[in-house]
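Read the structure below first, then the notes.
The values are calculated or read from the model by the stated rules, or taken from the named source; none is laboratory data. Not measured: the values here are computed from a predicted model. Ideal geometry is used to build each Cβ from the backbone, glycine not excepted, and the neighbour counts take in all protein chains shown. Each accessible area value is taken on the protein alone, full model and side chains, heavy atoms only, with ligands, DNA and RNA left out. Shrake-Rupley method; radii C 1.70, N 1.55, O 1.52, S 1.80 Å.
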Amino acid sequence: MNLIPFNKPYLTGKEGHYIYQAVLSGKISGDGTFTKKCHQYFEGRFGFKKCLLTTSCTDALEMAALLIDIQPGDEVIMPSYTFVSTANAFVLRGARIVFCDSRSDHPGMDEGLIESLITSKTKAIVPVHYAGVACDMDKIMRLAEKYQLFVVEDAAQAIDSYYTGEDGIKKPLGSIGHMAAFSFHETKNIMSGEGGMLVINDDRFLARAEIIREKGTNRSQFFRGEVDKYGWVDVGSSFLPSDIIAAFLYAQIENLDEIQSKRNQNWEMYYSLLKPLEDKGFFTLPVIPGYATNNAHMFYIMFKEPATRDHVISTLKENAVNAVFHYLSLHKSQYYKDKHDGRELPLTDRYADVLLRLPMYYELEAEQISRIARLLGGIFES
C-alpha cells in the first residue's frame, strides 16, 4: 500500500533551470535578477505597493515589528490559534501578546472580541488568515483607525486569496493592512523550501524597510545611485534571501494559476465526498465566510472530541495515510502560559483538540482522495 504523505512539494520543472541562470549571472546573493522578477510579479498581480522577499515569513514579521517600532510593554492583539512565529516576532521586541479567541465557525480570530482587548498600551492587531481564509478586514481596519493602531496581516497561508469588503470590492489578502507577511515554506501553495515576503502598503514604511532588510544600511539606495556611498543608518539584520531561492520561487509563481486550479479541484473533491459524513454528524467540514475566497491551502475536518481525532489519526496511519493535527493553543504553551492574562479561550482550545488536517498538495490524485474518504467512511459507518 503506497503511503499518502501529508504534504509533497511540487516542482514545475523550471526550478533547476532558473537556479542555473542565477548562478551564471554572477550574482547569487540577495536582490538579484530573480528577486526583482518576483517583486515585480507580486506587485503587478496583486497590487501590493512594495514587496520584499525575505528568508522566511518569520523574518517578514520581525521586520514588521521593527517598522512599527514595537517597544517593551507595547501590546499586540493576535489569535492564540496560530504558529508561534506570529507571536515570536513581537515578543522579541518586548511586546506583551494579548491573545484573542477563535470564531465559532472558523479557526480565525473572533473579530467581535478585539475591541474589548484594546487598551492604552495596544500598538497593533495581527490578524492571521487561517487556511488562506480571510478575517473580516473591514471590522479590523475600522478598529485600527478608531484607536490609531497598526495592522500587520499574517498571510502566511493566504497567497492568491481575497476579501470582499462592504464596498463590494474584492481585495487580495495582504493588500489591506499596513503590512503583511507571506510564507513560501515547502508546505505552502507556492514555495521555495524556506522563504517569505514582506508586503508594505503604507508609504511611511517604504524607505526604512529596505534599510532594515539590508542590515541597517542604505545599501539599496547606493546601488540605485541615490547616495554616493552607503553606511550604517539604522537597526536591521540580514533578512534578504539568496537569488537562488528567488529563482526557485519564480518557477513556482509562473505556474500559480495551474497550481491553484488543481488544489481547488482537490479541495472540492474532498468536500463533496465527505459532505454525506458531515450530514450524518460524524464531523464538521470547513466553513468559508461569504466575504472570503478559498485558495485551497488546506483541507481540515473537526470532530466532537479529542479521542475521536486520535483514533482517526492512528487508523489512517495504519492505512498509510499521514493526517496531522495542527496548532496547540499558544496561550497555554510552556513559554507563554505564565504571561497570559488568565482568560479562558474555549474555542481556541477546541480547535487545538479536535481539528485534523488531511493530505493536501498539487500532485494528490483523485483516487487517493477517494481512498481517504472511503477510509473515513469505514471508521464511522462500520
Which trypsin sites (Lys or Arg not before Pro) from segment 28-136 combine a DSSP loop assignment with at most 13 other Cβ atoms within 10 Å? Lys121
Rg in Å to one decimal, and Dmax rounded to a whole Å, for segment 188-346 via C-alpha atoms: 22.8, 71
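Using 1/(1 + (r/R0)^6) with R0 = 45 angstrom and r between the beta carbons of Arg224 and Leu256, what's the FRET efficiency to the nearest 0.05? Let's see the in-between values first.
Values: r = 28 Å, r/R0 = 0.63.
In this case the efficiency is close to 0.95.
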Straight-line reach only, C-alpha to C-alpha below 18 angstrom: list the lysines that Lys37 could link to, leaving out same-chain residues fewer than 8 apart. Lys14, Lys27, Lys49, Lys50
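What FRET efficiency comes out for Leu285 versus Arg45 if R0 is 25 angstrom and r is the Cβ-Cβ distance? Round to the nearest 0.05.
Values: r = 30 Å, r/R0 = 1.20.
My answer for the efficiency is 0.25.
In terms of the Cα gyration tensor, with a ≥ b ≥ c the square roots of its eigenvalues, is segment 82-209 rounded because a/c is under 1.5, prolate because a/b exceeds b/c, or oblate?
Working: a/c = 1.29, a/b = 1.18, b/c = 1.10.
It comes out rounded by the Cα gyration axes.
At 0.36 nm per residue, minus the direct Cα-Cα distance, what do Ala320 and Ile169 gain on full extension? Give it in nm, one decimal, please. All intermediate terms of the calculation are to be shown ahead of the outcome.
Details: separation 151, 0.36 × 151 = 54.36 nm, distance 4.41 nm.
So the extension gain works out to 50.0 nm.
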How many nm is it between the label spots at Ser116 and His17, if each spot is 7 Å from the Cα in line with the beta carbon? 5.6
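By the scheme Lys and Arg +1, Asp and Glu -1, what is the net charge of all other residues having a beta-carbon under 9 Å from that of Met179?
Details: positive: none; negative: Glu153, Asp202.
Once all neighbours under 9 Å are counted, the net charge is -2.
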For Lys275, go through the aspartates and glutamates and keep the ones whose alpha-carbon is under 16 Å away, minus same-chain ones fewer than eight residues off. Glu381
Once you have a ≥ b ≥ c as the square roots of the Cα gyration tensor eigenvalues for segment 236-311, tell me rounded if a/c is under 1.5, and otherwise prolate or oblate according to whether a/b is larger than b/c. prolate
In whole Hz, what ³J(HN,Hα) sequence does segment 292-299 give by Karplus (6.51, -1.76, 1.60; θ = phi - 60°), x for Gly and Pro? 10, 9, 10, 9, 6, 5, 8, 10
Of the DSSP beta bridges with both residues in segment 18-140, give the percent that are antiparallel, rounding to the nearest 5. 10
Please give every one of the lysines within straight-line cross-link reach of Lys121, meaning a C-alpha to C-alpha distance under 22 Å, and leave out same-chain neighbours fewer than 8 residues apart. Lys139, Lys146, Lys337, Lys339
Approximate spin-label separation Ala366-Glu145, in nm, with each point projected 7 Å along Cα-to-Cβ: 4.7
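Please identify the GluC sites (Glu not before Pro) of segment 312-382 that satisfy two criteria: DSSP loop assignment and at most 13 other Cβ atoms within 10 Å. Which are they?
On the way: sites: Glu318, Glu344, Glu363, Glu365, Glu367, Glu381; in loops: Glu344, Glu363, Glu365.
Taking segment 312-382 and a limit of 13 other Cβ atoms within 10 Å, the loop GluC sites (Glu not before Pro) found are Glu344, Glu363, Glu365.
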What accessible area per residue comes out for segment 300-375, rounded to a whole number of Å², with a 1.4 Å probe? 50
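For segment 157-224, report the convex hull volume of the alpha-carbon atoms normalised per residue, in Å³, without decimals.
Values: hull volume 7.7 nm³, N = 68.
Measuring per residue, one finds 113 Å³ for the Cα hull of segment 157-224.
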Helix 243-253 axis, angle to the chain major axis (alpha carbon atoms, nearest 10°): 50
Rounded to the nearest Å, the spacing of the alpha-carbon centers of segment 122-185 and segment 293-369 is 23
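Using 1/(1 + (r/R0)^6) with R0 = 41 angstrom and r between the beta carbons of Trp232 and Gln334, what's the FRET efficiency to the nearest 0.05? Please list the in-between numbers first.
On the way: r = 37 Å, r/R0 = 0.91.
With R0 = 41 Å, the Cβ-Cβ based efficiency is 0.65.
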